[in-house]
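Participant: Before I ask anything, let me first share the structure, which is written out below as structure tokens.
We did not get these values from a lab; they are worked out from the coordinates using the rules stated. Here the structure is a predicted model, which is why all the values come from computation and not from measurement. Cβ placement follows ideal geometry from the backbone for every residue including glycine, while neighbour counts extend to all protein chains displayed.
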Amino acid sequence: MADPAGFDSRTAYTALVALVAAERGLELVISSRNAARAFARGGVEAGRANYAWMVPLHALFLAACPAEVWLLDRRWIPAIGVPALTMLAASMALRYWVVHSLAGRWTTRVVFVPGDSLVASGPFRYLRHPNYLAVTVEVAALPLIHGAWLTAVAFTAANAVVLANRIAIENRLLDRFATRGTDFRKSGDV
């Protein structure tokens, strides 16, 4: 909504979403580089079909946030927007902590190098999948910053389905092979 001075909070919100999208683009570059290194070390990817759903879901999410705000003329409500912005910042901080803790092993895909041990430092001391918590909070918070509640509800539900599947894939892989160093490429589970 434009105020008397001509400031439209929708424009600021759209810029915020664009910054988040740019950050995701940078993360894809980092992920691709790390995945290439893992594959060069004999890494194997699990859950490709799940990833094929995740990428367009998140791209559509980033488009839906400002679309709902502009098309349905959603208002900035500070009592909701400020806590949502705080949650977004917290989710980003958690994600950066995950990326730092995993270092060159962090990817947006499920890639595992046989013989690698599980990371038990950083947020992994407290949660098995801290990055997924960060993503879940982000998907709920980013739309709510500017009242895009339909986007928050729809994409939180869709993301829950995709992440539940992804977590199951990753847990099976980690439970079976991470601690034993087994060559799971021969197991048929990937």
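Participant: Would you please put 60-71, 17-28 in order of how densely packed they are, using the mean number of other Cβ atoms within 10 angstrom per residue and starting with the highest?
Facilitator: 60-71, 17-28
Participant: Under 8 Å for C-alpha pairs, at least 6 residues apart: give me the relative contact order for the chain, rounded to a whole percent.
Facilitator: 31 percent.
Participant: Could you give the size of the charge dipole of the chain about its Cα centre, using +1 on the Cβ of each K and R and -1 on the Cβ of each D and E, expressed in debye and rounded to the nearest 20? Don't skip to the answer; put the middle values down first.
Facilitator: Numbers: 19 positive and 13 negative charges, 156 e Å.
It works out to roughly 740 debye.
Participant: What length, rounded to one decimal in nm, is gained on full extension from V161 through to W70, with 0.36 nm per residue of separation minus their alpha-carbon distance?
Facilitator: 30.0 nm
Participant: Hey, another quick one. Nearest 10 degrees, 0 to 90: what angle lies between the long axis of helix 78-102 and the longest principal axis of the chain (Cα atoms)?
Facilitator: Its long axis makes an angle of about 20 degrees.
Participant: Where does helix 149-173 land angle-wise versus the long Cα axis of the chain, in degrees 0 to 90, nearest 10?
Facilitator: In the chain, helix 149-173 runs at an angle near 10 degrees to the longest axis.
Participant: Compare T136, T86, T151 in a GNM of the chain, Cα atoms joined below 10 Å, and give the one with the largest fluctuation.
Facilitator: Among T136, T86, T151, the largest mean-square fluctuation in the Gaussian network model of the chain belongs to T86.
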